Structure formats: C-alpha cells, structure tokens
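Everything below concerns the one structure shown next.
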Amino acid sequence: MRRSNLYINAACSQGLGAALHQRQIVDGEPREGVTCYISRQLKDSEARYWATQTECLCLVWALEKLHYYLEGAVFEVYTDCTILKSLQKMKTTNRHMLRWQIAIQEYRGNMTIIYKEGKSHTNADGPSRWSMDNVKSNPAYDPEDSAKTPIHFMEIDRKKNFRFSEWAPESDTLDSGKTDSE
C-alpha cells in the first residue's frame with residue numbers, strides 16, 4: 001500500500017508551503033518521492049497571525065488544496081510546530097483555531113501529525129519562502145481566489161523532471177439545479 005507524507009511549513013511573515021511525498025517500493029527498496037509542492041503568500045491579515053496560527057492555517061490550506069490526493073488515504077503530516085500535534089484534541093476559545101479543528105476532522109483516523117525539528121524540516125521550507133504571485137501567467141492561477149494570493153503547483157516525475165501543472169478542478173461544488181442534459 002502506498003502511504004503519503006505531507007510536509008508543511010509556514011514562513012511566519014511570508015507564505016505557506018507544503019510538499020506531498022509518497023512512499024512506495026521501487027526495485028524492492030522502500031523509497032519516498034515528491035508528488036507535488038504547493039505554496040502561496042500570506043494575505044495581509046494572515047501575516048499578523050501568531051506562529052502557531054500560521055502553522056495551523058498552513059495545515060488546513062494544504063489539506064484543502066491536496067484533498068484529491070489525500071481523501072481516504074492514510075498519511076502523516078510533518079511539521080516543525082509542536083502544538084499542531086495536539087490540534088485535534090485542543091480546547092480553545094480562539095475562533096480561528098476552533099474553525100481549523102473542525103476543518104481537519106474529516107481526516108481524523110487517517111492523519112497522524114508528527115513533529116520534526118526545524119533544521120531537518122526542509123521539504124516545504126523553500127516553497128513557503130518563495131511563493132509565486134497568483135497571476136494568469138502562473139500555471140496554478142486560481143481565478144476564484146478573491147484575494148489573488150499566489151498559489152504554486154509543481155510536479156516532479158520519476159525521472160526527476162520538473163513541470164508546472166495546469167490541471168485544476170472545474171469546481172469544488174456541484175451546480176444546483178443543473179442536469180447533464182443542460
């Protein structure tokens with residue numbers, strides 16, 4: 001069974017970054033390879049969050065953007081923020097943290113959050129610090145993002161070739177009242 005690892009990192013005043021890796025057997029050896037990197041810059045209001053809030057935001061954002069890969073999968077999340085380990089059980093009155101706790105509940109039982117020291121947690125550090133602008137020339141341009149925050153989506157194939165993906169779902173919601181015949 002292929003297992004996934006999600007590495008997340010938030011550069012406190014700069015951006016969010018995540019790297020999705022997949023573990024599989026190649027030539028009889030267990031290996032971990034990059035599936036994709038994603039990143040975006042922080043909005044003005046998000047840049048004022050505490051470090052813990054920014055890391056929680058990064059987790060929720062990465063789960064939202066990568067849900068096509070992660071839905072139904074058993075995976076581990078690696079973070080350099082120790083508080084995230086207790087996010088699912090945390091009792092808080094902070095409205096952001098409470099909303100994020102609810103947002104990750106669908107992954108409960110499939111997701112394990114693991115602390116990894118910052119020095120050895122470099123997978124998602126680069127994407128969080130050098131995110132791309134959310135403009136039409138960006139292959140991962142998101143026209144529905146009202147704040148026009150940058151989103152970067154890059155894939156690496158088995159031959160270590162980098163390419164920017166132009167794939168994006170048409171919609172995350174079903175159009176009510178429309179049928180296939182319309």
Take the residues of region 66-84 that are closer than 15 Å to ASN5 by Cα and either in a helix (DSSP H, G or I) or aliphatic (A, V, I, L, M) (or both): which is nearest to the chain's Cα centre (by Cα)? LEU66
ASN5 vs (1) of a type outside the set (A, V, I, L, M, F, W, C); (2) under 19 Å from GLU117 (Cα atoms); (3) in contact (Cβ under 8 Å) with a residue 24 or more places away in the chain; (4) exposed (fewer than 15 other Cβ atoms within 10 Å of the Cβ): all pass except (4)
Would it be correct to say that TYR37 is touching a residue at least 24 places away in the same chain (Cβ under 8 Å), out of contact with any Cys (no Cβ under 7 Å at 6 or more places or on another chain), aromatic (Phe, Trp, Tyr) and within 17 Å of GLN105 (Cα to Cα)? no
Applying the selection to region 39-55, what residues are closer than 17 Å to ALA19 by Cα and assigned to a helix (DSSP H, G or I)? THR54, GLU55
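One line per residue, one yes/no per condition, for (1) out of contact with any Asp or Glu (no Cβ under 8 Å at 6 or more places or on another chain); (2) at pLDDT 80 or above:
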residue	(1), (2)
ILE8	no, no
GLN14	yes, no
HIS21	no, yes
ILE25	yes, no
GLU46	yes, yes
CYS56	yes, yes
VAL74	yes, yes
THR79	no, yes
THR92	yes, no
Report whether or not ASP145 is surrounded by 17 or more Cβ atoms within 10 Å (Cβ to Cβ) and at pLDDT below 65. no
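If I filter region 25-58 down to residues being of a type in the set (Phe, Trp, Tyr) and closer than 21 Å to THR82 by Cβ, which single residue comes out as surrounded by the most Cβ atoms within 10 Å (Cβ to Cβ)?
TYR49
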Counting only residues that are more than 16 Å from GLU55 (Cβ to Cβ), assigned to a helix (DSSP H, G or I), at pLDDT 60 or above and out of contact with any helix residue (DSSP H, G or I) (no Cβ under 9 Å at 6 or more places or on another chain), region 97-135 contains a total of 4
Residue that is of a type in the set (S, T, N, Q), surrounded by fewer than 18 Cβ atoms within 10 Å (Cβ to Cβ) and either part of a helix (DSSP H, G or I) or in contact with a strand residue (DSSP E or B) (Cβ under 7 Å, 6 or more places away or on another chain) (or both), where the choices are GLN88, GLN22: GLN22
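The values are calculated or read from the model by the stated rules, or taken from the named source; none is laboratory data. This structure is a prediction, so every number in the text was calculated from the model and none was measured. Don't worry about glycine lacking a Cβ; one is built from the backbone with ideal geometry, like all the others, and counts go over all protein chains shown.
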